[in-house]
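Trainee: One structure, pasted below without further comment.
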Amino acid sequence: MSLQNITFTDKKDTRSGFGVGIHEAGKNNPNVVALCADLIGSLKLEKFIEDFPERFVQTGIAEANMIGIAAGLTIGGKIPVATTFANFGTGRVYDQIRQSVAYSNKNVKICCSHAGLTLGEDGATHQILEDIGLMKMLPHMTVVVPCDYNQTRLATKAIIERNGPTYLRFGRPVWPIFTPAEDETFQIGKAQFLSQGTDVTIIACGHMVWQAVEAGKQLEAKGISVELINMHTIKPLDEAAILQSVKKTGCIVTAEEHQQAGGLGESVASVLARHHLAPIEMVAVQDTFGESGTPDQLLEKYGLAPKDIIEKVEKVMQRK
Amino acid sequence: MQVAELNQVASQIRRDIVRMVHQCKSGHPGGSLGCADLFTALYFEIMEINTDFKMDGIGEDLFFLSNGHISPVFYSTLARRGFFDVKELGTFRHLNSRLQGHPTTHENLPGVRIASGSLGQGISVAIGAALAKKLNGDDKTVYCLTGDGELQEGQIWEALLFAAAKKVDNLIVTVDWNDAQIDGSTQQVCDLGDLKAKFTAFGFDVLEMKGNVMEEVLFTLTEAKLRTKKGKPVAILMRTQMGFGVDYMMGTHKWHGSAPNDEQLAKALAQLKETLGDY
């Protein structure tokens, strides 16, 4: 299975995949309730609201209250889906999530758009790069970061069908669609192998999976055999898949649109440290805030471009 | 239950509170004692509840404690009402107990539907539960208790704004207005100002009551229930005395979060009649 066969069919934003997914989930399950803090358009909730107006809660610009209301809705058997930008749905309301959702083990789905640098021009106030770390540290919390429009739609439906507090992270920019519209291999907590290889394992999540596909194609052209893993579920982490791959390739590069501290890379490094020592390099944001710019400019400036993945692959292979 | 019987229950709950806090040398007796009459009235007379606990509470009135630190009065009330064995009160704040310092669903204690302790979150949760009742066509009422110092938390005002704007009229929020918090009186710490005017301006139907007079508590809670389903959330500003029932704990904020020693316990118990048998 080579990366050369992976091409994109179209480009769409992952948040639109969420919008379609929650509408389908709402149609299938009368207990699904959507909440939003004054960002209906950004979260693509229009169709859900049009078809299920009684199951939509507009909280206004009050995210703490939204999280509490979501927790309360579960008590009557509802499946609340609390939506806003990732910065306001995680960091701003961390204590509310910790106590009323995670510790109380409520079946709340926190679904957030505009995560990471790729929200672009709004700049660092909105570009949260710490949310994966914040959420994965909470007991009971599942953390899912799908890679494209199709997968975000499937992930939305999957987390709603699965019981337990969950954070779903997606984004703003139009992005290549390269996974199938229906995908039986997509399961929460199960890594997806996009290619089989023997020289290096690349483990990526979210928008960075496409970056890794592009990097992998160039690496393959140079004769490097790449095993690319789409780690859409950060928690629970598919440790078996990581170990199975690294035992074959002997080294790993991780790629994520997040701070290195607390991100996917550190979770993978922890698996290696505990079970199978091997060199690892991380493509991630290096302890800094973002800034205004286009998504591509920002990914380039902050070291998240395909060329950065290639550089780290070459480095990690030398360390074997 | 008649007022005399309810007062007997409240007296036993007050004994439980001081004994629980004494045995683990920690906890919050002051607010717990002040709210014993409200809890007694709610759980032994006003609320329609099922002691065979189900988390979803469909078809039942629900109660949420936002100021979770007064867990002793909550636990004693639940045990005395039959949610679990009163003997378990002796495990309060001990290792491996279901009776955590602050209430939690984590240990599956019957009667608790949300964790609380970090302040300001309970009204939002109660609103969510009230909205779920509306969606479910369930006509029962959701009650929430919050402290007065707790009103300094910003989330409270987000929740109040929402409850009125969205006509969450199956919700009754009671404020334990004892004017005391850890660092002193609420006036000293950060004055709440005219609470009645504030709740009214936010769009609540506001009632006031003396929270340590059982007749008045029953009357006001009954009136509050009658005012639900009329387009506005209902608030009860409940004047209480922190430490009510134990003379040396009243009139000071000192007993917000301190436990009595052996001598102080004996003095407290001498003032609180054992009516239902100590645990």
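Trainee: Quick one: if you stick a label point 7 Å off each Cα along the C-beta vector at residue A:196 and residue B:267, how many nm between them?
Mentor: Here the modelled spin labels are 8.0 nm apart.
Trainee: So how tilted is helix B:214-227 from the main axis of chain B? Cα-based, degrees 0 to 90, rounded to 10.
Mentor: The answer is roughly 20 degrees.
Trainee: Counting Lys +1, Arg +1, Asp -1, Glu -1, what net charge surrounds residue B:56 among other residues with beta carbon under 14 Å of its beta carbon?
Mentor: Every neighbour counted, the sum reads +2.
Trainee: Tally Lys and Arg at +1 and Asp and Glu at -1 over the other residues with C-beta under 11 Å from the C-beta of residue A:257: what net charge comes out? Walk me through the numbers on the way to the answer.
Mentor: Numbers: positive: A:169; negative: A:131, A:256.
Combined, the nearby Lys, Arg, Asp and Glu give -1.
Trainee: State, to one decimal in nm², a quarter of the convex hull surface area for the C-alpha atoms of the stretch A:186-318, i.e. the direction-averaged projected area.
Mentor: Details: hull surface 30.5 nm².
Directional mean of the projected Cα hull area for the stretch A:186-318 stands at 7.6 nm².
Trainee: With everything on Cα atoms, drop me the angle between helix A:63-75 and the longest principal axis of chain A, reported from 0 to 90° to the nearest 10.
Mentor: Approximately 80 degrees, to the nearest 10.
Trainee: Once the dipole of the protein assembly as shown is set up with Lys and Arg at +1 and Asp and Glu at -1 on Cβ about the Cα centre, which of B:172, A:209, A:306 lies farthest towards its positive end?
Mentor: Ranked along the dipole, the leading option is A:209.
Trainee: With +1 assigned to the C-beta of every Lys and Arg and -1 to the C-beta of every Asp and Glu, and no other charges, what is the dipole magnitude of the stretch A:12-176 about the Cα centre in debye, to the nearest 20?
Mentor: Approximately 440 debye in magnitude.
Trainee: A further question follows. Residue A:9 accessible area, nearest 10 Å², 1.4 Å probe?
Mentor: It works out to around 120 Å².
Trainee: I would also like to ask the following. Positive end of the dipole of the stretch A:12-176, charges at C-beta (+1 Lys, Arg; -1 Asp, Glu), about the Cα centre: which of A:87, A:73, A:112 has its Cα farthest in that direction?
Mentor: A:73
Trainee: Based on DSSP loop calls and a cut-off of at most 16 other Cβ atoms within 10 Å, the longest stretch of chain A free of exposed chymotrypsin sites (Phe, Trp or Tyr not before Pro) is what?
Mentor: A:9-288
Trainee: Next question. Taking Cα pairs under 8 Å and at least six residues apart, what relative contact order does the stretch A:150-257 come out at, in percent?
Mentor: Working: 155 pairs, mean separation 34.8, N = 108.
Contact order relative to length: 32 percent.
Trainee: Restricting to bridges with both residues inside the protein assembly as shown, how much of the DSSP beta-bridge set is antiparallel, in percent to the nearest 5? It would help to have the intermediate numbers written out before the result.
Mentor: Values: 11 of 67 bridges.
So the antiparallel bridges in the protein assembly as shown amount to around 15 percent.
Trainee: Describe numerically, in nm with one decimal, the distance between label points set 7 Å from Cα along Cα→Cβ at residue A:10 and at residue A:297.
Mentor: Between residue A:10 and residue A:297, the label points sit 2.9 nm apart.
Trainee: At a temperature of 37 °C and a viscosity of 0.692 mPa s, determine how fast the protein assembly as shown diffuses translationally according to Stokes-Einstein, using the Kirkwood radius over alpha-carbon pairs as Rh; express D in µm²/s, rounded to the nearest whole number. Don't jump to the answer; show the numbers that get you there.
Mentor: Values: Rh = 25.7 Å.
Calculated translational D: 128 µm²/s.
Trainee: Using a 1.4 Å probe, how large is the accessible area of residue B:86, given in Å² and rounded to the nearest 10?
Mentor: Near enough 40 Å² of accessible area.
Trainee: Another one. For the protein assembly as shown, what is the accessible area per residue in Å², given a 1.4 Å probe and the full set of protein chains?
Mentor: 36
Trainee: A follow-up question, please. What ³J(HN,Hα) values, in whole Hz, does the Karplus curve 6.51 cos²θ - 1.76 cosθ + 1.60 give for the stretch A:300-309 when θ = phi - 60°, with x put for Gly and Pro?
Mentor: In residue order, the calculated couplings are 5, 5, 9, x, 10, 8, x, 4, 5, 5 Hz.
Trainee: Now for a separate question. Using the crude model of +1 on Lys and Arg Cβ and -1 on Asp and Glu Cβ, and no other charge, please compute the dipole size for chain B relative to its Cα centre, in debye to 20.
Mentor: 320
Trainee: When the C-alpha atoms of chain B are aligned to their principal axes, what extent does each axis show, in angstrom, from largest down?
Mentor: Between the extreme Cα coordinates on each principal axis of chain B lie 51, 44, 36 Å.
Trainee: What GluC sites (Glu not before Pro) in the stretch A:140-195 are in a loop by DSSP, with at most 14 other Cβ atoms within 10 Å of the Cβ?
Mentor: Of the GluC sites (Glu not before Pro), the ones in loops of the stretch A:140-195 whose Cβ has at most 14 other Cβ atoms within 10 Å are A:182, A:184.
Trainee: Also: With only Lys, Arg, Asp and Glu charged, each at its Cβ (+1 for the first two, -1 for the last two), find how big the charge dipole of the stretch B:141-227 is about the Cα centre; round to the nearest 20 debye.
Mentor: 420
Trainee: Percent antiparallel among DSSP beta bridges with both residues in the stretch A:156-313, to the nearest 5?
Mentor: 20
Trainee: For residue A:132, what charge total do you get from the other residues with a beta carbon under 13 Å from its beta carbon, if Lys and Arg give +1 and Asp and Glu give -1? Show your work: numbers first, answer last.
Mentor: Details: positive: A:136, A:169, A:235; negative: A:130, A:131, A:256, A:257, A:266.
Cβ neighbours under 13 Å give a net charge of -2.
Trainee: Compute the FRET efficiency between residue A:218 and residue B:208 as 1/(1 + (r/R0)^6), taking r as their Cβ-Cβ distance and R0 = 60 Å, and round to the nearest 0.05.
Mentor: Here the calculated transfer efficiency is 0.25.
Trainee: Which of A:307, A:222, A:248 ends up with the largest GNM mean-square fluctuation for chain A, with Cα atoms connected below 10 Å?
Mentor: Among A:307, A:222, A:248, the largest mean-square fluctuation in the Gaussian network model of chain A belongs to A:222.
Trainee: Using the Cα gyration tensor of the stretch A:12-176, with a ≥ b ≥ c the square roots of its eigenvalues, what is the shape: rounded (a/c below 1.5), prolate (a/b larger than b/c) or oblate (neither)? Could the numbers behind the result be given before it?
Mentor: Numbers: a/c = 1.39, a/b = 1.08, b/c = 1.28.
Judged from the Cα gyration tensor, the stretch A:12-176 comes out rounded (a/c under 1.5).
Trainee: Based on the Cα gyration tensor of the stretch B:81-134, what are the three equivalent ellipsoid semi-axes, each the root of five times an eigenvalue, rounded to whole Å and given largest first?
Mentor: 25, 14, 8
The values are calculated or read from the model by the stated rules, or taken from the named source; none is laboratory data. In this text, all values refer to a predicted model and were calculated from it rather than measured experimentally. All Cβ positions, glycine included, derive from the backbone under ideal geometry; neighbour counts span all protein chains shown. Ligands, DNA and RNA are stripped out before the accessible areas are found, and what is left, the full protein with its side chains, is counted by its heavy atoms. Shrake-Rupley method; radii C 1.70, N 1.55, O 1.52, S 1.80 Å.
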